[in-house]
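J.: The structure is given below, and queries will be raised subsequently.
The values are calculated or read from the model by the stated rules, or taken from the named source; none is laboratory data. Since the structure is predicted, the reported quantities are computational estimates derived from the model, not experimental observations. So basically every Cβ, Gly included, is an ideal-geometry build from the backbone, and we count neighbours across all protein chains shown. Accessible surface is based on the protein model in full, side chains and every heavy atom, while ligands, DNA and RNA are left aside. Shrake-Rupley method; radii C 1.70, N 1.55, O 1.52, S 1.80 Å.
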Amino acid sequence: INRFDNISQEITISNIVSVNKTTFYYVDCGTLSLGNTTYILDRNLSSNGVCFTIGAHNITIDGAGYTIDYSKLGNGAGINNTGGFDNITIKNITIIQKNNTALGIANYGINAINMSNSTIMNVTINLSDPVARGISIESYF
């Protein structure tokens with residue numbers, strides 16, 4: 001079960017449009033499926049394969065200086081967006097793969113397919129797998 005501390009804020013743009021943006025302090029790996037949402041880590045996380053799967057457009061993952069250790073038992077990714085979701089921001093996070101027995105090109109720090117209008121900033125990726133990919137962004141348009 002995931003625990004969220006929900007904070008909503010009202011943002012007014014040019015006094016014309018009002019947008020409701022939600023912020024979750026996210027405490028476990030899983031699918032991030034709420035668009036127009038910022039997920040802020042509140043601790044270090046680890047996963048056996050993929051930690052976060054992007055499941056909607058307009059998502060921000062703010063690592064807040066914390067670390068994801070992914071692929072502890074097999075191949076995976078720190079953050080996976082193979083569903084082609086757009087307007088994704090990934091920032092302020094360290095992604096590591098300490099397990100060097102889960103070797104193969106199916107290991108990614110960040111894996112994205114057909115993602116556009118997105119930002120990756122202030123991200124550190126350390127992989128123990130010599131053939132893993134730090135950031136893989138592919139397009140099949």
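J.: Where Lys and Arg each count +1 and Asp and Glu each count -1, what net charge lies around GLN97 among other residues with Cβ under 13 Å from its Cβ? Numbers along the way, then the final one.
T.: Details: positive: LYS72, LYS98, ARG133; negative: ASP69, ASP129.
The answer is +1.
J.: Tell me the carbon and sulfur percent of the accessible area for the stretch 53-141, rounded to whole percent, probe radius 1.4 Å. Don't jump to the answer; show the numbers that get you there.
T.: Details: 1980 of 4060 Å².
Reported share for carbon and sulfur atoms: 49 percent.
J.: Could you state the accessible area per residue of the stretch 59-119 in Å², with a 1.4 Å probe and every protein chain left in place?
T.: Details: 2230 Å² over 61 residues.
With the other protein chains kept in place, the stretch 59-119 gives 37 Å² per residue.
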